[in-house]
Amino acid sequence: MTRNWSYEDLPRGSTIRDVAESVDPRVEALLQRYFEHFASPVLPVPVDSIAVDLLGLTVDENDELDVSGMLVPSEHQIWLNGREARQSSGRRRFTLAHELGHWICQYEQGHVEPRYCRADEIGVGAGRKLEREANTFAAQLLMPEPLLRREAVELKLNLHALARRFEVSLPAMKVRLQQLSLLPAYMQ
Ligand SMILES: [Zn+2]
């Protein structure tokens with residue numbers, strides 16, 4: 001199921017900053033750029049289109065990849081683990097968003113060497129410095145705080161329904177809700 005949405009859906013007069021104090025400004029800028037280019041943004045966040053159409057990257061899958069995801073900045077290329085991608089579209093989307101985090105946060109800051117990202121480095125709250133930065137970027141891109149707050153109310157905090165609507169894995173959704181203090185203690 002897809003839903004049309006945009007930042008116009010936010011409460012009148014508010015901006016994403018008003019409701020999302022800790023949002024990475026680079027995520028905000030990327031989403032705003034997306035909205036400027038494409039008339040009808042939808043949930044789940046179209047991460048493939050953002051990678052390919054907006055950022056001009058090539059995204060391919062390879063079953064032989066021995067990591068979950070790989071960014072080759074010099075070739076503007078992202079490789080995803082094909083076996084993992086078939087197991088879970090949510091996992092595939094998070095890995096892709098994670099690699100976009102490396103591209104936006106690090107490549108554009110001068111880190112040009114390829115990134116090889118293992119499964120244990122990818123996930124909300126996982127990894128060390130550069131991996132953690134990419135994970136935070138991915139979570140904010142796939143589950144933007146104001147939209148997650150809105151949908152959490154609409155779907156009455158049904159974790160499965162929320163994970164489906166944002167097309168992320170159940171664990172990723174749960175951790176994101178915990179980070180935003182949206183999950184009551186009895187659900188943790
Ligand atoms: Zn990584």
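Observations on the model:
- In a reduced charge model with +1 at each Lys and Arg Cβ and -1 at each Asp and Glu Cβ, the stretch 20-143 shows a dipole moment near 280 debye about its Cα centre.
- Classified by the C-alpha gyration tensor, the stretch 40-138 has a rounded form. Its axis ratio a/c, with a ≥ b ≥ c, is below 1.5.
- Restricting the calculation to Cα atoms, the stretch 89-129 yields a radius of gyration followed by a Dmax of 10.4, 31 Å.
- Over all pairs of different C-alpha atoms, the stretch 130-188 has a mean inverse distance whose reciprocal, the Kirkwood radius, equals 11.5 Å.
- Each of Arg128 and Tyr186 was given a label point 7 Å from its Cα along the Cα-to-Cβ line. The distance between the two points is 4.2 nm.
- Seen from a random direction on average, the alpha-carbon convex hull of the stretch 84-188 projects onto 6.9 square nanometres.
- Put the Cα centre of the stretch 50-89 next to the Cα centre of the stretch 132-188 and the gap is 24 Å.
- Between His76 and Leu155, the contour length at 0.36 nm per residue exceeds the alpha carbon distance by 24.7 nm.
Any read-out appearing in this document is the output of simple, stated calculations on the displayed coordinates, not a laboratory observation. These figures come from a predicted structure and were not determined experimentally. Cβ sites come from the backbone with ideal geometry, for glycine too, and all protein chains shown count toward neighbours.
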